[in-house]
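**Q** Got a structure for you, questions after.
The values are calculated or read from the model by the stated rules, or taken from the named source; none is laboratory data. It should be emphasised that the depicted structure is a prediction, and the values quoted were computed from it without experimental measurement. Heads up, the Cβs are rebuilt from the backbone with ideal geometry, glycines too, and the neighbour counts pull from every protein chain shown. To get the accessible areas, we keep the full protein, side chains included, count just its heavy atoms, and leave off ligands, DNA and RNA. Shrake-Rupley method; radii C 1.70, N 1.55, O 1.52, S 1.80 Å.
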Amino acid sequence: MKKEFQIGKRTISQTSPVFIVAEISANHNQDYGRALEILHAAKEAGADAVKLQTYTADTITIDCDDPCFQITQGTIWDGTTLYKLYQQAYTPWEWQPKLMEEATKLGLECFSSPFDFTSVDFLEEMKVPAYKIASYEINDIPLIRKIAKLHKPIIFATGIAYPEDIERALAVCKEEGNEEIILLKCVSSYPTPYEAVNLNVIPTLAKTYDCLVGISDHTLGTIVSAGSVALGTKMVEKHLTLKRSDGGPDGAFSMEPAEFAEMVQQIRIMEKALGSSEYVLTDTQKLEHEGSRSLFVVKDIAKGEVLTPENIRSIRPGNGLHTMYYEEVLGKTACKDLKKGTPLAWELIQ
């Protein structure tokens with residue numbers, strides 16, 4: 001898979017800054033003005049992009065009350081049907097070109113998760129720079145193939161994916177000549193308990209599938225997203241709302257703007273702290289190295305006097321002979337009178 005490509009104006013690579021995405025999802029609560037507010041909040045909080053979801057209840061499921069369409073898996077949405085949930089959660093399609101236009105004005109990338117062929121066609125008319133495949137769609141091979149043929153970056157959530165689901169999806173992308181892939185570590189649990197996150201899978205994904213990796217984080221707080229950067233994530237996606245208390249299908253596990261801004265700051269600090277994998281001293285460390293230990297005269301020594309453990313010691317700072325010569329200089333004699341505090345040097349020794 002490619003290790004460097006563009007999503008809009010952003011470069012995504014192993015050395016680029018983490019690509020931070022604010023997921024608007026259903027947090028607009030069917031209010032276009034609120035969707036715009038979330039978009040502006042994402043910009044102010046430091047996001048690089050906003051993400052939408054493009055579906056209707058009819059394009060993602062059917063209106064049916066049979067048991068298999070009831071939500072009973074112990075989620076925050078239990079007690080309703082898939083159709084009723086998606087009726088409440090979908091983002092009206094007529095909003096989406098306008099939201100993308102506003103995002104572009106703000107300097108944000110804007111892309112979406114499509115859920116059927118019609119939504120892909122709609123998003124192509126919008127000229128989105130990338131596509132995300134939700135984890136529940138990672139086994140929708142016809143959908144993945146249609147998107148792969150567009151030769152735009154594809155971001156896969158892996159929340160409910162078995163290894164064979166990931167392998168099959170990536171194989172389809174390769175067949176269509178599309179290797180601009182990001183795999184997101186994801187847990188489809190809302191909110192996700194910390195013990196279920198398993199951040200250590202992130203480098204496993206990168207190594208196993210030889211691709212760029214990221215995280216779609218549904219935990220509460222900032223620590224998981226920020227910590228994931230140390231394990232190699234190059235994309236972080238978090239749901240953003242104005243206030244959790246405003247409710248909505250995704251409100252309970254979404255970040256508020258101040259929290260999102262804190263997460264962005266922590267990610268940028270983590271990037272700085274990670275630095276280079278090459279073991280070299282900084283300029284400051286090189287200066288500080290001069291303060292390390294070396295051999296010094298610690299008692300006045302007369303010319304011809306023998307150097308002993310009583311008059312020669314390893315002390316700070318590092319102006320004298322290296323301490324590795326300690327045994328070698330003991331028993332030798334001074335060439336001249338040496339004052340206490342003199343850094344030991346070969347020219348001072350007979």
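**Q** Counting only residues that are of a type outside the set (Val, Ile, Thr) and either under 11 Å from the mean Cα position of the chain (by Cα) or part of a helix (DSSP H, G or I) (or both), how many does the stretch 200-218 have? It would help to see each step written out before you state the result.
**A** If we filter the stretch 200-218 for residues that are of a type outside the set (Val, Ile, Thr), which is where we start, we get 200, 203, 205-207, 209-212, 214, 216-218.
From what is left, the residues that are either under 11 Å from the mean Cα position of the chain (by Cα) or part of a helix (DSSP H, G or I) (or both) are 203, 205-207, 209, 212, 214, 216-217.
The total comes to 9.
**Q** Let me ask you something else. Picking from Thr204, Thr241, which residue would you name as being farther than 25 Å from Ile141 by Cα and β-branched (Val, Ile, Thr)? It would help to see each step written out before you state the result.
**A** On the way: Thr204 fails: farther than 25 Å from Ile141 by Cα.
Thr241 is the lone residue from the list that is farther than 25 Å from Ile141 by Cα and β-branched (Val, Ile, Thr).
Residue by residue, here is whether (1) part of a helix (DSSP H, G or I); (2) aliphatic (A, V, I, L, M); (3) loosely packed, with under 14 Cβ neighbours inside 10 Å holds:
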{"residue": "Leu220", "(1), (2), (3)": "no, yes, no"}
{"residue": "Ser228", "(1), (2), (3)": "yes, no, no"}
{"residue": "Val236", "(1), (2), (3)": "no, yes, no"}
{"residue": "His239", "(1), (2), (3)": "no, no, no"}
{"residue": "Ala258", "(1), (2), (3)": "yes, yes, yes"}
{"residue": "Glu262", "(1), (2), (3)": "yes, no, no"}
{"residue": "Arg268", "(1), (2), (3)": "yes, no, no"}
{"residue": "Val280", "(1), (2), (3)": "no, yes, yes"}
{"residue": "Thr284", "(1), (2), (3)": "yes, no, yes"}
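**Q** Test each condition in (1) in contact (Cβ under 8 Å) with a residue 40 or more places away in the chain; (2) open to solvent by 70 Å² or more (accessible area, probe 1.4 Å) for Asp65 and report the one that comes out false.
**A** Among (1) in contact (Cβ under 8 Å) with a residue 40 or more places away in the chain; (2) open to solvent by 70 Å² or more (accessible area, probe 1.4 Å), Asp65 violates only (1).
**Q** Moving to a separate point now. Just for the stretch 26-55: of the residues that are open to solvent by less than 40 Å² (accessible area, probe 1.4 Å) and polar (S, T, N, Q), which one is nearest to Leu242 (Cα to Cα)?
**A** Taking the stretch 26-55 as the starting set, the residues that turn out to be open to solvent by less than 40 Å² (accessible area, probe 1.4 Å) are 26-28, 33-35, 38-39, 41-42, 45-55.
Next, from what is left, pick out any that are polar (S, T, N, Q): 27, 53-54.
Values: Asn27: 8, Gln53: 18, Thr54: 21 Å.
Selected residue: Asn27.
**Q** Looking at the stretch 11-18, is at least one residue more than 28 Å from Lys207 (Cβ to Cβ) and not hydroxyl-bearing (Ser, Thr, Tyr)? Don't jump to the end; show me each part of the working.
**A** Step one: of the stretch 11-18, the residues more than 28 Å from Lys207 (Cβ to Cβ) are none.
Looking for residues that are more than 28 Å from Lys207 (Cβ to Cβ) and not hydroxyl-bearing (Ser, Thr, Tyr), one finds none in the stretch 11-18, hence no.
**Q** Let me ask another. Mind checking which pairs have a first residue in the stretch 257-285 that is farther than 30 Å from Ser245 by Cα and of a type in the set (Asp, Glu) and a second that is open to solvent by less than 70 Å² (accessible area, probe 1.4 Å) and not in a helix (DSSP H, G or I), Cβ under 7 Å, 6 or more apart or different chains?
**A** Glu271/Val18
**Q** In this structure, does Lys207 turn out to be open to solvent by 10 Å² or more (accessible area, probe 1.4 Å) and in contact (Cβ under 8 Å) with a residue 24 or more places away in the chain? Can you show your working first?
**A** On the way: open to solvent by 10 Å² or more (accessible area, probe 1.4 Å): yes; in contact (Cβ under 8 Å) with a residue 24 or more places away in the chain: no.
It is false that Lys207 is open to solvent by 10 Å² or more (accessible area, probe 1.4 Å) and in contact (Cβ under 8 Å) with a residue 24 or more places away in the chain.
**Q** Considering only residues that are over 19 Å from Pro193 (Cα atoms), in a helix (DSSP H, G or I) and touching a residue at least 40 places away in the same chain (Cβ under 8 Å), which ones fall in the stretch 241-256? Steps first, answer last, please.
**A** We begin by selecting, within the stretch 241-256, every residue over 19 Å from Pro193 (Cα atoms); these are 241-243, 245-248.
Still in the running and in a helix (DSSP H, G or I): 245-246.
Residue satisfying the conditions is Asp246 alone.
**Q** Further question on the same structure: Check off (1) without any contact (Cβ under 8 Å) to a residue 12 or more places away in the chain; (2) open to solvent by less than 40 Å² (accessible area, probe 1.4 Å) for Glu101 and give me the number that stays unchecked.
**A** (2) is the only condition that Glu101 fails.
**Q** A further question follows. I'd like the full set of residues that are open to solvent by less than 20 Å² (accessible area, probe 1.4 Å), in contact (Cβ under 8 Å) with a residue 60 or more places away in the chain, under 21 Å from Val172 (Cβ atoms) and not hydroxyl-bearing (Ser, Thr, Tyr), limited to the stretch 105-133.
**A** Step one: of the stretch 105-133, the residues open to solvent by less than 20 Å² (accessible area, probe 1.4 Å) are 108, 110-114, 119-120, 123, 128, 130-133.
Right, trim to in contact (Cβ under 8 Å) with a residue 60 or more places away in the chain and you get 108, 110-114, 119, 123, 130, 132.
Then keep just the ones that are under 21 Å from Val172 (Cβ atoms); that gives 111-114, 119, 123, 130, 132.
The answer is Phe111, Pro114, Leu123, Ala130, Lys132.
**Q** Tell me which residues, restricted to the stretch 1-15, are part of a strand (DSSP E or B) and more than 12 Å from Cys211 (Cα to Cα). Show your work before the answer.
**A** Start the filter on the stretch 1-15 by keeping residues that are part of a strand (DSSP E or B), which leaves 4-7, 10-13.
Gln6, Ile7, Arg10, Thr11 - these are the residues of the stretch 1-15 that are part of a strand (DSSP E or B) and more than 12 Å from Cys211 (Cα to Cα).
**Q** Going residue by residue through the stretch 184-195, is there one that turns out to be over 14 Å from the mean Cα position of the chain (by Cα) and free of Cβ contacts under 8 Å to residues at least 24 places away in the same chain? It would help to see each step written out before you state the result.
**A** In the first step, residues of the stretch 184-195 are kept if they are over 14 Å from the mean Cα position of the chain (by Cα); the result is 187-195.
Then drop every residue that is not free of Cβ contacts under 8 Å to residues at least 24 places away in the same chain, which leaves 195.
For the stretch 184-195, residues over 14 Å from the mean Cα position of the chain (by Cα) and free of Cβ contacts under 8 Å to residues at least 24 places away in the same chain: present.
**Q** With the requirement that a residue be closer than 20 Å to Val236 by Cβ and touching a residue at least 40 places away in the same chain (Cβ under 8 Å), what does the stretch 135-172 give you?
**A** Selection gives Ser135, Pro153, Ile155, Ala157, Thr158, Gly159, Ile166.
**Q** Let me ask you something else. In this structure, does Gly232 turn out to be touching a residue at least 12 places away in the same chain (Cβ under 8 Å) and over 21 Å from Ile38 (Cα atoms)? Quick ask: steps written out before the conclusion?
**A** On the way: touching a residue at least 12 places away in the same chain (Cβ under 8 Å): yes; over 21 Å from Ile38 (Cα atoms): yes.
Criteria met by Gly232.
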